[in-house]
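The values are calculated or read from the model by the stated rules, or taken from the named source; none is laboratory data. Just so we're clear, the structure is a prediction, and the values are computed from it rather than from any experiment. As a convention, Cβ positions derive from the backbone with ideal geometry for all residues, glycine included, and neighbour counts pool all protein chains shown.
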């Protein structure tokens, strides 16, 4: 089984240098950053918590992308149903997106070593634009493309997580209704494309009492509708985790997550492009605060 896992991860590592995203795409390293991509993650770690996540891109650039998230994850001891909720507020260059998610997951124990968790989320995105500070390229005094636009887009997402011993596979479609909602009424905010998020990973060492090593790979087309592959490595210690990631959009990231008394946790993540042809500061900073509530 370990040989098969090694072959799969080696193949994905090779694919990382073949698949190239044409636009910048962020890495997902901190806990909570992928909560919205797969509702089956709700309650998967067996802990109930409340966390706050702040993301800032391109520091020093006016109206650069920023995002604030509040994440609630409730684990059920009865193992019947886990519940979660997310509020994400994003701003970038005159656009604002407020996303709300209500999540639930249903665990199914197949045997002592294998379990599968099914997830469902209902959500809505409220989009608004404020482009008054821009000038029309055609010299039009009141360009309709630069006027304020508002729209609410409801959505539904599904996902699953299969865990067997130290090996896991995940898959999800977080925005099922996008193609249907946008096809009949186009919008400048979203594209008519079905997004997906997949993940495969394993824990390499579980016999050491002081540390554990986890490796995972994610393939998705969440941003810019481009296929993006991410590799993530985690060194788990008693006091927290050290994180490192690399994706096919030529972004490299590193960070940490520390836990204090198993009640309060703090995480920091820094991302930067490996190669860039512009003078634009494309770095990304993320700060996470997590409070255990059970």
Would you be able to say whether some residue in segment 45-67 is at positive phi and at pLDDT 85 or above?
yes
Among the candidates 257, 193, 208, which residue alone is surrounded by 20 or more Cβ atoms within 10 Å (Cβ to Cβ) and either at pLDDT below 95 or outside any loop (DSSP other than H, G, I, E, B) (or both)?
257
Only unsatisfied item for residue 76, checking (1) part of a strand (DSSP E or B); (2) modelled with pLDDT under 95, is (1)
Among the residues of segment 136-157, are any buried (at least 18 other Cβ atoms within 10 Å of the Cβ) and either closer than 30 Å to residue 268 by Cα or at pLDDT 95 or above (or both)?
yes
Can you tell me which of 60, 84, 46 is within 18 Å of residue 291 (Cα to Cα) and part of a loop (DSSP other than H, G, I, E, B)?
46
